[in-house]
Amino acid sequence: MKYALRGITAEELTYTINRIKMERGAKFEIKPQFSRTIRRVQENYKLYFVSLEVKVESTEAEPKPFNLKARLVGIFEAEDVETDEDRQVLAISTTEIVYPYLRAAVSSLTANAFINPLILPVIPAGTMFPEDRGEGSKASISFDDPGVIN
């Protein structure tokens with residue numbers, strides 16, 4: 001199997017401040033939520049779109065000083081992706097390539113909002129999602145049905 005990065009684009013970058021009261025010395029626990037979608041273009045089965053998203057959302061039970069959503073899409077060309085193992089390697093490898101760009105986008109977005117930058121942790125390849133680790137009921141990577149990607 002061979003693959004190559006053809007481009008990365010920011011599909012969504014949003015930051016909203018939440019005006020919440022907090023006690024002096026109180027600390028917030030920021031728990032980023034990650035998701036990933038992998039799609040293949042119907043007209044060109046070598047072309048894959050890997051969407052990586054992170055969200056920080058304030059709730060009544062767990063207030064946060066801001067809401068944040070960042071979604072980047074990596075465009076990859078891949079050949080000889082034939083087995084489930086190939087698909088898993090492709091998913092993990094492409095996630096590993098896109099994630100540093102997502103980290104940089106989140107740090108820039110929060111720094112440009114004039115708050116202490118949120119720096120996402122470095123996450124080793126293959127450990128970000130349970131399906132990459134073979135955990136849970138979803139032991140294999142699922143690619144969305146081939147379809148036209150706009």
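The values are calculated or read from the model by the stated rules, or taken from the named source; none is laboratory data. Since the structure is predicted, the reported quantities are computational estimates derived from the model, not experimental observations. Virtual Cβ from ideal backbone geometry, glycine too; neighbours counted across all protein chains shown. Surface areas here come from the heavy atoms of the whole protein model, side chains and all, with no ligands, DNA or RNA. Shrake-Rupley method; radii C 1.70, N 1.55, O 1.52, S 1.80 Å.
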Of (1) assigned to a strand (DSSP E or B); (2) surrounded by 11 or more Cβ atoms within 10 Å (Cβ to Cβ), Ser58 fails just (1)
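Listed here are the residues, each with its yes/no results for (1) of a type in the set (A, V, I, L, M, F, W, C); (2) in contact with a Gly (Cβ under 8 Å, 6 or more places away or on another chain); (3) assigned to a loop (DSSP other than H, G, I, E, B).
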{"site": "Tyr3", "(1), (2), (3)": "no, no, no"}
{"site": "Arg6", "(1), (2), (3)": "no, no, no"}
{"site": "Ala10", "(1), (2), (3)": "yes, no, no"}
{"site": "Thr14", "(1), (2), (3)": "no, no, no"}
{"site": "Glu23", "(1), (2), (3)": "no, no, yes"}
{"site": "Ala26", "(1), (2), (3)": "yes, no, yes"}
{"site": "Phe34", "(1), (2), (3)": "yes, no, no"}
{"site": "Ile38", "(1), (2), (3)": "yes, no, no"}
{"site": "Val54", "(1), (2), (3)": "yes, no, no"}
In the range 63-115, anything of a type in the set (Gly, Ala, Ser) and either open to solvent by less than 50 Å² (accessible area, probe 1.4 Å) or over 17 Å from the mean Cα position of the chain (by Cα) (or both) is listed as Ala70, Gly74, Ala78, Ala91, Ser93, Ala105, Ser107, Ala111, Ala113
Counting only residues that are of a type in the set (A, V, I, L, M, F, W, C), open to solvent by less than 50 Å² (accessible area, probe 1.4 Å) and farther than 16 Å from Gly74 by Cα, the range 1-29 contains a total of 1
Of the residues in the range 1-41, those that are within 15 Å of Ala91 (Cβ to Cβ) and in contact (Cβ under 8 Å) with a residue 40 or more places away in the chain come to Met1, Tyr3, Leu5, Phe34, Arg36, Thr37, Ile38, Arg39, Arg40
Selection from the range 38-62 of residues farther than 24 Å from Asp84 by Cα, under 14 Å from the mean Cα position of the chain (by Cα) and of a type in the set (D, E, K, R) yields Lys55
Residues of the range 47-78 being charged (D, E, K, R) and at pLDDT 95 or above, in sequence order, are Glu53, Lys55, Glu57, Lys69, Arg71, Glu77
By residue number, the members of the range 124-137 that are touching a helix residue (DSSP H, G or I) at 6+ places or on another chain (Cβ under 7 Å) and surrounded by 12 or more Cβ atoms within 10 Å (Cβ to Cβ) are Ala125, Gly126, Met128, Asp132
